[in-house]
Amino acid sequence: MIRCIFVVLTLVQLAAASLTFDPLQGDNGTDYFGHNEAGFLVDVVDGLFYEAQFFGNPTPSIFGVGVSSLRITRAASLLFTFTSLDVSSNVFAGADFELVGTLQNQELFRLMERVMQPSTFTGIMNPQAQVQIDELLIFVSPNDATSFNVDNIHASAIPEPSSVLLLSAGVSMVALWSRVRSVARCKAQRRERA
């Protein structure tokens, strides 16, 4: 039974993802239009984004100029939770970040943060990290900053109901098999003693 619990905990941990932009291999300043990473899609909705190979937490990251927005989703609108991300306001402080979590186009949370430390990454934590969403929108207004960076988007995929059912059935079968073996062993020991 302990093995079953370990397997379940391991599978739950595998659902957590950190979108670090590591798959980006272009030169610094290469146009960025979006990418797939760890089962998530990062997509540019509005504005100009570029690959950042010289500045990240760690590199690479993406950077943008002007008012811009990103969308994070999973394939087939599957659910996930959002924990945090790292952002920076470059050269001058004051870039505004607005994060909106939605489920079927209904807003479930909205976070707003102004980055006051120039050219340094700041973490934005979601106090509603348990809320399940199917889309995360990131809106950025650089204000006086020359540019801004986004890195390390932390999210956790929610297993599909069929996956949870299949996992539960598997764990139940392992527990039953373990119980049958234990009973058979006890009966064998009793026969040996008799």
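Of the residues Pro60, Pro127, which single one is at pLDDT 95 or above and buried (at least 16 other Cβ atoms within 10 Å of the Cβ)?
Going through Pro60, Pro127 in turn, just one is at pLDDT 95 or above and buried (at least 16 other Cβ atoms within 10 Å of the Cβ): Pro60.
Which one of these does Ala145 not meet: (1) at pLDDT 95 or above; (2) touching a Gly at 6+ places or on another chain (Cβ under 8 Å); (3) open to solvent by less than 70 Å² (accessible area, probe 1.4 Å); (4) farther than 14 Å from Ser84 by Cα?
The single condition Ala145 does not satisfy is (1).
Which is at positive phi and either in contact (Cβ under 8 Å) with a residue 40 or more places away in the chain or surrounded by fewer than 17 Cβ atoms within 10 Å (Cβ to Cβ) (or both), of Ser77, Ser89, Ser68?
Ser77
Based on this model, can you work out whether Val150 counts as in contact with a Leu (Cβ under 7 Å, 6 or more places away or on another chain) and either open to solvent by less than 70 Å² (accessible area, probe 1.4 Å) or part of a strand (DSSP E or B) (or both)?
yes
Can Asp22 be described as out of contact with any helix residue (DSSP H, G or I) (no Cβ under 6 Å at 6 or more places or on another chain) and in contact (Cβ under 8 Å) with a residue 40 or more places away in the chain?
no
So if I check each of Phe63, Phe109, Phe49, Phe97, which one is touching a strand residue (DSSP E or B) at 6+ places or on another chain (Cβ under 7 Å) and within 24 Å of Glu160 (Cβ to Cβ)?
Phe109
Restricting attention to the stretch 92-124, report how many residues are free of Cβ contacts under 8 Å to residues at least 40 places away in the same chain, touching a Lys or Arg at 6+ places or on another chain (Cβ under 9 Å) and open to solvent by 40 Å² or more (accessible area, probe 1.4 Å).
Result for the stretch 92-124: 0.
How many of the residues making up the stretch 29-42 are part of a strand (DSSP E or B) and under 20 Å from the mean Cα position of the chain (by Cα)?
Result for the stretch 29-42: 8.
Can you tell me which residue in the stretch 133-147 is farthest from Met116 (Cα to Cα), limited to those that are assigned to a strand (DSSP E or B) and not polar (S, T, N, Q)?
Once the filter is applied, the top-ranked residue is Ile133.
The values are calculated or read from the model by the stated rules, or taken from the named source; none is laboratory data. No experiment lies behind these values; they were computed from the predicted model shown. Ideal geometry is used to build each Cβ from the backbone, glycine not excepted, and the neighbour counts take in all protein chains shown. Just the protein is used for accessible areas: all its heavy atoms, side chains included, with ligands, DNA and RNA removed. Shrake-Rupley method; radii C 1.70, N 1.55, O 1.52, S 1.80 Å.
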